[in-house]
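Undergrad: Please read through the structure below; I'll follow up with questions.
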Amino acid sequence: MSTAQIRLNDRVAAMQPSATLAMKSRAAEMRRQGHPVVALSAGEPDFDTPAPIAKAGMQAIQDGFTHYTENPGMQALREAIAEKLERENDLRVSPDQIVCSNGAKQSIALAVHALCDEGDEVLIPAPYWVSYPEMARFAGATPQVVHTAVDHDYKLSPERLDEALTERTRLFILCSPSNPTGAVYSADELEALADVLRRYDDVLVLSDEIYEYVLYGADHVAFGSLPGMRDRTITVNGFSKGFAMTGWRLGYLAAPTPIADACAKIQGQFTSAPSSISQKAGVAAYEMGSGPVDDMVAAFRERRDVVVDRLRSLEGVQCPMPQGAFYVYPDVSSYFGAETPGGETIKDSSDLCFYLLEEHHVALVPGTAFGAADGLRISYASSMDDLKTGLDRIEAGLEALR
Ligand SMILES: Cc1ncc(COP(=O)(O)O)c(C=O)c1O
């Protein structure tokens, strides 16, 4: 058999590769070719894991804590998470309702696969995190994308939610603080969404709260803590963003018992528990105190202000003020239809990002990847120097368009 004859699973063949990872590898390839690319496309903090956490990981290795743990995660970590959820999020769950996985990405995949069948719909507000629709499709379900508007800070209104729900809706995925927009729903806004959901008994909610700690003054409200929502909400969170632990691969979900059990069953057959070393480090993260996280968030806030000020000064760019995460999502649609100096027409944000990368050596992620083609995502998880250089290049690139 030649490699050309190898037949892949239909769902794998239909899956889109992650656009953020694709941008990262294209920028790396250009760097290898000698181009001085500034990458403002990263989806991870540019800070190292705080020392007390790293030390706990090293200690785990030295102590020989290097074996499989219980499949849903070791008891001490699940207890620490349950305490955190009660203390910080007003969410009462038992450690048995928590499943720890190799990152929040796996937690979301587990929940989507545990819940969705062929014919089910998964409601996803756009701009969305790139993996949600692919996971829904891979589970056999149909992603239903509901669009939000830049002048509503890309937040879903209760009216739009009500219009979009159908009798086939199985799961509604909410992400606050949001990747890619940085939007944060207030308690009142979440309550208004919950009020709509109370009329749809069968709809479950996956609340992705991975950016919970990266907030600029707004309060984080766990969707599952709202009256009547706990028994229909899968809360997903993890250590990657708030504790700068992306490489440790540690996330978790907290869910009603039948859902947590189903997720644990899938995990038991597919991957087993996350790394024992990372789990020890996770316990240390909750014991560390908030100092290192506060410092990181203060740095992000300073950068956010610089980036947003600068973007707002550019002609034809509309940029809401993000309240959390480390992304901005400016609307650049006024440049669609413009021509590059090379005579190419910019049709959409994908063309614009490609042009900015190839001609001006700045890597961004096009809105087409997030289901909202009028915008693009700029990550400010980069040094201030890189941000300033990157913004200069964006400005020069936009000015050169006719
Ligand atoms: C919205 C959102 N959810 C989940 C994840 C996955 O995070 P983890 O590194 O814990 O798998 C990411 C990472 O980019 C994200 O942006």
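Undergrad: Give me a count of the residues in segment 56-77 that are without any contact (Cβ under 8 Å) to a residue 40 or more places away in the chain and not in a loop (DSSP other than H, G, I, E, B).
TA: The qualifying residues number 3.
Undergrad: Working carefully through the options Y128, Y132, Y154, find the one that is among the aromatic types (F, W, Y), in contact (Cβ under 8 Å) with a residue 40 or more places away in the chain, farther than 19 Å from L204 by Cβ and within 16 Å of the ligand (Cβ to nearest atom). If you could, list the steps in order and put the result at the bottom.
TA: On the way: Y128 fails: farther than 19 Å from L204 by Cβ; Y132 fails: farther than 19 Å from L204 by Cβ.
That would be Y154, the only listed residue that is among the aromatic types (F, W, Y), in contact (Cβ under 8 Å) with a residue 40 or more places away in the chain, farther than 19 Å from L204 by Cβ and within 16 Å of the ligand (Cβ to nearest atom).
Undergrad: Among A218, A187, A183, which is the only one that is within 16 Å of the ligand (Cβ to nearest atom) and not assigned by TED's automatic domain parsing to the domain that holds I378?
TA: From the options A218, A187, A183, the qualifying one is A183.
Undergrad: Restricting the search to segment 236-251, which residues are within 9 Å of the ligand (Cβ to nearest atom), closer than 11 Å to P45 by Cα and in a loop (DSSP other than H, G, I, E, B)?
TA: Selection gives S240, K241, M245.
Undergrad: Is there a residue in segment 79-94 that is under 19 Å from G251 (Cα atoms) and β-branched (V, I, T)?
TA: yes
Undergrad: Looking only at segment 32-42, decide whether some residue is within 14 Å of the ligand (Cβ to nearest atom), surrounded by 13 or more Cβ atoms within 10 Å (Cβ to Cβ) and closer than 23 Å to V328 by Cβ.
TA: Yes.
Undergrad: Taking the conditions exactly as written (in contact with a His (Cβ under 7 Å, 6 or more places away or on another chain), surrounded by fewer than 16 Cβ atoms within 10 Å (Cβ to Cβ) and either within 29 Å of E134 (Cβ to Cβ) or touching a residue at least 24 places away in the same chain (Cβ under 8 Å) (or both)), does A400 satisfy them or not? Quick ask: steps written out before the conclusion?
TA: Values: in contact with a His (Cβ under 7 Å, 6 or more places away or on another chain): no; surrounded by fewer than 16 Cβ atoms within 10 Å (Cβ to Cβ): yes; either within 29 Å of E134 (Cβ to Cβ) or touching a residue at least 24 places away in the same chain (Cβ under 8 Å) (or both): yes.
When the stated conditions are applied, A400 does not pass them.
Undergrad: Here are some conditions: (1) more than 16 Å from the ligand (Cβ to nearest atom); (2) assigned to a helix (DSSP H, G or I); (3) within 24 Å of L91 (Cβ to Cβ); (4) out of contact with any strand residue (DSSP E or B) (no Cβ under 9 Å at 6 or more places or on another chain). D305 meets all but one. Which one does it not meet?
TA: (3) is the only condition that D305 fails.
The values are calculated or read from the model by the stated rules, or taken from the named source; none is laboratory data. This structure is a prediction, so every number in the text was calculated from the model and none was measured. Backbone-built Cβ (ideal geometry, glycine too); neighbour counts: all protein chains shown.
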